[in-house]
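The values are calculated or read from the model by the stated rules, or taken from the named source; none is laboratory data. Not measured: the values here are computed from a predicted model. Reconstructed Cβ throughout: ideal geometry from the backbone, glycine too, with neighbour counts over all protein chains shown. Just the protein is used for accessible areas: all its heavy atoms, side chains included, with ligands, DNA and RNA removed. Shrake-Rupley method; radii C 1.70, N 1.55, O 1.52, S 1.80 Å.
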Amino acid sequence: MKAFFSSEYTSVDEVICQQIDVLGSLPLEWFESWGKRDLYFDDDGVPKDGRYVWSSIDGAFEEGVQKYRRKFGMGEFDGEETAAFLDLMRRMLTFRPEERPTAREVLQSRWMVEWVLPDFERSSQMG
């Protein structure tokens, strides 16, 4: 229910750190060329003791979407929809742009085909 990553109140290096915590390791050559990596991670890419470690994308989804939907009685995503949604998000947020899905591939993803588009069709027929 908020931006995944933002440098509005933090440094770019802290956003990179958050991205790694949430999404996983940077491509090795990017990690090795990041000048301030040693402030946040050891040589093996493990977060340094004493720093805040952000939740993985799964934890962020639970905290930012499922918990919110429960709180406001909106109904949670079931296990299959959650898996399909998180699969799509991981692919869309892949670090290397050339590895991200195209707009067509996003529209053809399991989450869009099995949940979003049918829901859109139902809602458009109601109006």
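Condition (residue is farther than 15 Å from LEU23 by Cα, open to solvent by 50 Å² or more (accessible area, probe 1.4 Å) and among the basic types (Lys, Arg)) applied to the stretch 81-97: is it met by at least one residue?
No, the stretch 81-97 has no match at all.
Give the number of residues within the stretch 49-65 that are without any contact (Cβ under 8 Å) to a residue 12 or more places away in the chain and either in contact with a helix residue (DSSP H, G or I) (Cβ under 6 Å, 6 or more places away or on another chain) or in a helix (DSSP H, G or I) (or both).
Going through the stretch 49-65 one residue at a time, the tally reaches 3.
Pairs only if they're at least six apart or on different chains, beta carbon under 6 angstrom, first in the stretch 105-117 and within 12 Å of LEU86 (Cα to Cα) and touching a residue at least 12 places away in the same chain (Cβ under 8 Å), second among the aromatic types (Phe, Trp, Tyr) and open to solvent by less than 40 Å² (accessible area, probe 1.4 Å); list them, first residue then second.
Filtered contacts from the stretch 105-117: TRP111/PHE85.
What number of residues in the stretch 15-42 are in contact with a Ser or Thr (Cβ under 9 Å, 6 or more places away or on another chain) and farther than 18 Å from ILE57 by Cβ?
Counting residues in the stretch 15-42 that are in contact with a Ser or Thr (Cβ under 9 Å, 6 or more places away or on another chain) and farther than 18 Å from ILE57 by Cβ gives 2.
Looking only at the stretch 43-78, how many residues end up being more than 21 Å from THR10 (Cα to Cα) and of a type in the set (Ser, Thr, Tyr)?
Going through the stretch 43-78 one residue at a time, the tally reaches 1.
Every residue in the stretch 49-67 that is among the hydroxyl-bearing types (Ser, Thr, Tyr) and surrounded by 12 or more Cβ atoms within 10 Å (Cβ to Cβ), please.
SER55, SER56
When residues of the stretch 94-127 are filtered for being among the small types (Gly, Ala, Ser) and within 20 Å of PHE4 (Cβ to Cβ), how many remain?
Qualifying residue count, the stretch 94-127: 2.
Of all the residues that make up the stretch 83-127, how many are outside any helix (DSSP H, G or I) and either farther than 30 Å from LEU28 by Cβ or in contact with a Cys (Cβ under 6 Å, 6 or more places away or on another chain) (or both)?
Counting residues in the stretch 83-127 that are outside any helix (DSSP H, G or I) and either farther than 30 Å from LEU28 by Cβ or in contact with a Cys (Cβ under 6 Å, 6 or more places away or on another chain) (or both) gives 2.
Among the residues of the stretch 26-48, write down those that are at pLDDT 95 or above, part of a loop (DSSP other than H, G, I, E, B) and open to solvent by 90 Å² or more (accessible area, probe 1.4 Å).
LYS36
For the stretch 68-77: of the residues being surrounded by 10 or more Cβ atoms within 10 Å (Cβ to Cβ) and not hydrophobic (A, V, I, L, M, F, W, C), which is farthest from the chain's Cα centre (by Cα)?
Just the residues of the stretch 68-77 that are surrounded by 10 or more Cβ atoms within 10 Å (Cβ to Cβ), to begin with: 68-70, 74, 76-77.
Going one step further and asking which of them are not hydrophobic (A, V, I, L, M, F, W, C), we end up with 68-70, 76.
Values: TYR68: 16, ARG69: 17, ARG70: 20, GLU76: 18 Å.
Among those residues, the one meeting the criterion is ARG70.
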